[in-house]
1. Using only Cα atoms, locate the centre of the stretch 122-158 and the centre of the stretch 51-93, then give the distance between them in Å, rounded to an integer.
2. What pairs from 68/312; 46/68; 15/46 go past 26 Å between their alpha carbons?
3. Pull up all non-local amide H partners of residue 308: gap of 5 or more, or a different chain, and H-to-H distance under 5 Å with H placed in the peptide plane.
4. Would you be so kind as to identify which of 248, 293, 323 lies farthest towards the positive end of the dipole of the stretch 191-325, taking Lys and Arg as +1 and Asp and Glu as -1 on Cβ and the Cα centre as origin?
5. Under 19 Å between alpha carbons, and skipping anything fewer than 8 positions from residue 71 in its own chain: which aspartates and glutamates qualify?
6. Antiparallel as a % of all DSSP beta bridges within the chain, to the nearest 5?
7. How many nm separate the modelled label positions at residue 72 and residue 323, each set 7 Å beyond the Cα in the direction of the Cβ?
8. Quote the FRET efficiency, to the nearest 0.05, computed for residue 310 versus residue 38 with a Förster distance R0 of 22 Å and r equal to the Cβ-Cβ distance.
Amino acid sequence: MNFMDGSLFPENQEKLVITAAPYGPEWMPADFPEDIPVTMDEHVQKAVDCYNAGATVLHLHVRELDGKGSKRLSMYNELLARLRVAVPDMILQVGGSISFAPEGEGADAKWLSDDTRHMLAELTPAPDQVTIAINTNQMNIVEQMNDADIAGTSIADPMLYEAYREMTVPAGPEWVEEHIRRLSEKGIQTHFQLANITQLETVERMMRRNACNVPLILTWVAIGGGFDAPNIYNLANFVRAVPDGAVLTLESSMLNVLPVNMMAIAMGLHVRVGIEDNIWNQSRTAKFGTVEQIEQITRISREFGREIATGKEARRIYRIGEFYGSADETLARNGFAPNRLPGQRGVWQHAAE
């Protein structure tokens with residue numbers, strides 16, 4: 001991305017798109033009972049509260065009544081249907097880490113392992129986005145957490161801590177390309193969750209090969225443990241590689257969330273908040289709910305002079321419903337230089353259109 005004179009002035013920036021991640025699948029309800037929804041009614045009400053506070057993208061997961069994360073397609077379908085009524089302008093983004101468990105007698109024999117992940121493309125009603133990881137990667141979400149972050153929570157249990165420490169994200173090239181194809185066929189936007197610049201380069205190569213004709217809507221996920229650490233050097237390197245036609249959100253974890261988001265606000269990028277990323281205020285003197293986090297970031301952004309996007313404005317900024325017909329169009333719309341022509345010498349430094 002290019003930052004010319006005036007790039008830091010709010011009048012030259014898009015309004016801020018706030019993604020809320022209020023369902024916190026890594027926590028158990030007892031970790032934060034005041035804020036973690038369990039019933040379907042609570043799931044819906046949490047979305048309404050987030051939207052009213054200023055969030056226009058909802059990153060969603062679903063829990064069963066026992067507090068554990070649901071793997072039932074029917075539960076996701078029910079929540080999506082209710083959210084379409086309760087928050088019709090909100091961008092509904094399903095977390096792509098879910099692997100659905102078959103429902104009904106004999107269902108295990110009907111679904112192959114990859115199909116349980118591709119079923120995200122079969123959600124009804126369809127979400128606006130599904131997040132996707134690129135390249136199989138370690139996702140040790142506890143590596144940069146300290147004892148104070150997890151004190152008194154379920155993650156302090158040694159068995160659960162070890163499970164999160166050893167977690168990986170399977171995202172090989174064949175599966176990724178097929179998943180993007182299926183999502184696109186159903187009109188669902190792919191939202192790229194990227195751990196580092198090498199994964200961004202893989203996305204660019206897919207676009208150049210005509211295997212990924214979608215807008216480059218992405219999040220830099222700086223959580224350590226196989227992902228970038230949230231520091232200014234990693235951030236600057238990543239942002240510099242992102243083309244100007246992309247839409248970039250920043251994400252981090254625990255007490256890193258607020259300072260990273262403050263940098264995003266200043267640079268004209270977008271933010272993500274919620275208990276999936278952090279449950280503490282900055283002094284760790286109290287738990288900090290998702291709505292409170294949205295209200296805080298809304299206040300800070302307005303003090304910068306940067307207004308908050310409405311639901312309709314967020315849909316335009318995120319280019320919801322936009323897909324492309326060729327590699328050339330994809331590269332041009334996302335701000336990449338065009339592919340090299342046969343026999344061409346040198347490197348083109350401008351987009352194709």
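1. 17
2. Values: 68/312 33 Å; 46/68 17 Å; 15/46 23 Å.
In this structure, 68/312 lie more than 26 Å apart at Cα.
3. Sorted by chain and number, the residues that satisfy this are 16.
4. 323
5. Partners within reach: 26, 41, 42, 103, 105, 108, 114, 115, 122, 276.
6. Beta bridges within the chain, antiparallel portion: roughly 10 percent.
7. Simple spin-label model gives 3.0 nm for this pair.
8. So, using R0 = 22 Å, E works out to roughly 0.15.
The values are calculated or read from the model by the stated rules, or taken from the named source; none is laboratory data. The structure presented is a predicted model; accordingly, all values stated were derived computationally and were not measured. We place every Cβ from the backbone using ideal geometry, glycine too, and count neighbours over all the protein chains shown. What goes into the accessible areas is simple: the full protein's heavy atoms, side chains included, and nothing from ligands, DNA or RNA. Shrake-Rupley method; radii C 1.70, N 1.55, O 1.52, S 1.80 Å.
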